[in-house]
Amino acid sequence: MIEIKNIQKTFGERTILSGISGKFLPGDTSLIIGGSGTGKSVLLKCMIGLIKPEEGQVLYDGRDFLTGDEDTQKAIRREMGVLFQGGALFDSKTVLENVRFPLDMLTNMPTSEKMERAQFCLQRVGLENAADRMPSEISGGMKKRVGIARAIVMNPKYLFCDEPNSGLDPLTSIKIDELIREITDEFKITTVVITHDMNSMMEIGEKIMFLYQGKKMWEGTSSTITQSNVAELNEFIYANKLLRDTKA
Amino acid sequence: MGVYSKLVLDECIQIGINSVFIVSIVSTFIGAVTCVQTAYNLVSPLVPLTIIAVIVRDSTILELAPTITCVVLSGKVGSNIAGGLGTMRITEQIDALEVMGINSSSYLVLPKVLASMITFPMLVILAGFLSIYGGYIAGTAADIITPEDYISGLRSDFKPFSITFALIKSVVFAFLISTISSFKGYYTAGGALEVGQASTAAVTNSCIAVLAADFLLAQLLL
Ligand SMILES: Nc1ncnc2c1ncn2[C@@H]1O[C@H](COP(=O)(O)OP(=O)(O)OP(=O)(O)O)[C@@H](O)[C@H]1O
Ligand SMILES: [Mg+2]
């Protein structure tokens, strides 16, 4: 379980996050939704320790991540997999080497086992044929999928995905959502997904947190999201005409 | 082979081997020009021609080979390091390393610094040799000096310490260029524009640092 308490972050004069708290449970796919520029990526980066919030706590199964000693932090880092918004693939390495990289750096597995594991993860995102290409030679959506493969290669306990399906066609997008939900259920991972995508919201949103201008405005599940009376949330989800019509 | 030794080796190729061509061209021409210009300035028949070779040798070993080579390398290697690290920073590759629990500065920066300190002295030795050889080719081809005079000039009154001095300089310059450029690249923030600015800053700053260190070392060691 990941618990965040009262996260506060400002850049210069601008307050990006004000007092965000929440719980993310193992085996659940928790979504963070909200408009562009509301601070979703910043919140994620606070949770994974890339940005230091001015205030607040991040607890991984009770272990304090931000102020914990170095060994605790290292141990937590080994247990998390992160997909960055842009993929963040190492551009001097091939797709397969990218996926294998955490295994190479952090484990003592024999090479054959590493290859097998990396290839298995590539297969799960449907990219076994792109293994030898360089990141510059694959499309944006493919980079995302390689990023997911790299994030899950170490069998993480905590999985973070920043917009896993933006820039993907609807079919691949659904496949990625299914993949995320499958591995979350299968290995009881605590998964946090940032998304704009209404489809994924309905499909995989077991728990949803809505951010608006750096504040948590609403929290619930995909079944209750349409019945909220938070004006900002309704505006956000009924931006989609199809949904607006179904509501009316 | 360990992960780190492989990284250092890769960087040696990237930083050292890939600079051989530019270093060779620059140093050969500089030697040739030094020879021709020294001859032009030596009009007195009282001065023996072997002096030309002595001057080419001494200016090459003391100053031209280490300093000019490293100024050229601060352009080539400095922009390469800063641009590479800057791009990794803005595309979140450095963040990705950090969340994996890998110390990004020791993974990315240390191999570059080590590789520079290993390969720069070698490049400087190559540059010294080629510069003196360039002087030989230019001098004999233009009938300024006979091969025998040039060789005997090279061998007269030779101080071995000047070689040590050149190598000390090259190691110091390597450290300065690689650390300054790494710093500029590693702490890039923003986008592609800032990566370009980081590269430019890396080159100008390391160039100035090289020249300042050159002066200081000459004061201290000579
Ligand atoms: N390093 C930074 N320095 C200063 N401001 C920043 C920094 N990172 C983000 N911001 C600001 O914080 C705000 C939130 O950014 P964030 O990237 O979290 O948005 P987001 O919700 O992820 O949007 P999107 O859906 O478009 O990715 C933005 O207004 C951005 O300008
Ligand atoms: Mg974002």
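The values are calculated or read from the model by the stated rules, or taken from the named source; none is laboratory data. Everything numeric here is computed off the predicted structure, so don't read it as measured data. All Cβ positions, even for glycine, are placed from backbone atoms using ideal geometry, and neighbour counts span all protein chains on display.
In the set (1) without any contact (Cβ under 8 Å) to a residue 24 or more places away in the chain; (2) assigned by TED's automatic domain parsing to the domain that holds residue A:49, residue A:183 fails one condition alone, (1). In segment A:190-201, the residues that are within 14 Å of chain B (Cβ to nearest Cβ) and touching a residue at least 12 places away in the same chain (Cβ under 8 Å) reach residues that are of a type in the set (A, V, I, L, M) and more than 16 Å from ligand 2 (Cβ to nearest atom) with C-beta atoms within less than 9 angstrom, at least six apart or across chains, in these pairs: A:192/A:2; A:192/A:159. For segment A:1-48, the set of residues classified as within 16 Å of the chain's Cα centre (by Cα), basic (Lys, Arg) and within 12 Å of ligand 1 (Cβ to nearest atom) consists of A:40, A:45, listed by residue number.
Is segment A:159-171 home to any residue that is away from chain B (no Cβ under 14 Å), more than 17 Å from residue A:91 (Cα to Cα) and small (Gly, Ala, Ser)? Yes: segment A:159-171 contains one or more residues that are away from chain B (no Cβ under 14 Å), more than 17 Å from residue A:91 (Cα to Cα) and small (Gly, Ala, Ser).
The residue list A:177, A:162, A:169 contains one member that is closer than 20 Å to residue A:38 by Cβ and either more than 16 Å from ligand 1 (Cβ to nearest atom) or not β-branched (Val, Ile, Thr) (or both), which is A:162.
How many of the residues in segment B:65-88 are more than 14 Å from every other protein chain (Cβ to nearest Cβ) and surrounded by fewer than 24 Cβ atoms within 10 Å (Cβ to Cβ)? Total meeting the criteria: 7.
Are any of the residues in segment A:89-99 facing chain B (nearest Cβ under 8 Å), within 18 Å of residue A:158 (Cβ to Cβ) and modelled with pLDDT of 90 or more? Among the residues of segment A:89-99, not one is facing chain B (nearest Cβ under 8 Å), within 18 Å of residue A:158 (Cβ to Cβ) and modelled with pLDDT of 90 or more, which makes the answer no.
Scan segment A:70-79 and give yes if some residue there is under 22 Å from residue A:147 (Cβ atoms) and either in contact with a helix residue (DSSP H, G or I) (Cβ under 7 Å, 6 or more places away or on another chain) or within 16 Å of ligand 1 (Cβ to nearest atom) (or both), otherwise no. Within segment A:70-79 (the criterion being under 22 Å from residue A:147 (Cβ atoms) and either in contact with a helix residue (DSSP H, G or I) (Cβ under 7 Å, 6 or more places away or on another chain) or within 16 Å of ligand 1 (Cβ to nearest atom) (or both)), the answer is yes, since at least one residue qualifies.
Restricting attention to segment B:89-100, which residues are at the interface with chain A (Cβ under 8 Å from one of its Cβ atoms) and hydrophobic (A, V, I, L, M, F, W, C)?
Initially, segment B:89-100 is screened for residues at the interface with chain A (Cβ under 8 Å from one of its Cβ atoms), giving B:91-93, B:95-96, B:98-100.
Scanning segment B:89-100 gives B:96, B:99, B:100.
Applying the condition of being touching a Ser or Thr at 6+ places or on another chain (Cβ under 8 Å) and surrounded by fewer than 24 Cβ atoms within 10 Å (Cβ to Cβ) to segment A:141-155 and asking which residue is nearest to residue B:95 (Cα to Cα) yields A:154. Among the residues of segment B:137-145, are any away from chain A (no Cβ under 12 Å), buried (at least 18 other Cβ atoms within 10 Å of the Cβ) and among the hydroxyl-bearing types (Ser, Thr, Tyr)? No: segment B:137-145 contains no residue that is away from chain A (no Cβ under 12 Å), buried (at least 18 other Cβ atoms within 10 Å of the Cβ) and among the hydroxyl-bearing types (Ser, Thr, Tyr). Tell me, please, whether a residue that is out of contact with any Lys or Arg (no Cβ under 7 Å at 6 or more places or on another chain), aliphatic (A, V, I, L, M), more than 14 Å from every other protein chain (Cβ to nearest Cβ) and closer than 24 Å to residue B:208 by Cβ can be found in segment B:44-57. Scanning segment B:44-57 turns up no residue that is out of contact with any Lys or Arg (no Cβ under 7 Å at 6 or more places or on another chain), aliphatic (A, V, I, L, M), more than 14 Å from every other protein chain (Cβ to nearest Cβ) and closer than 24 Å to residue B:208 by Cβ.
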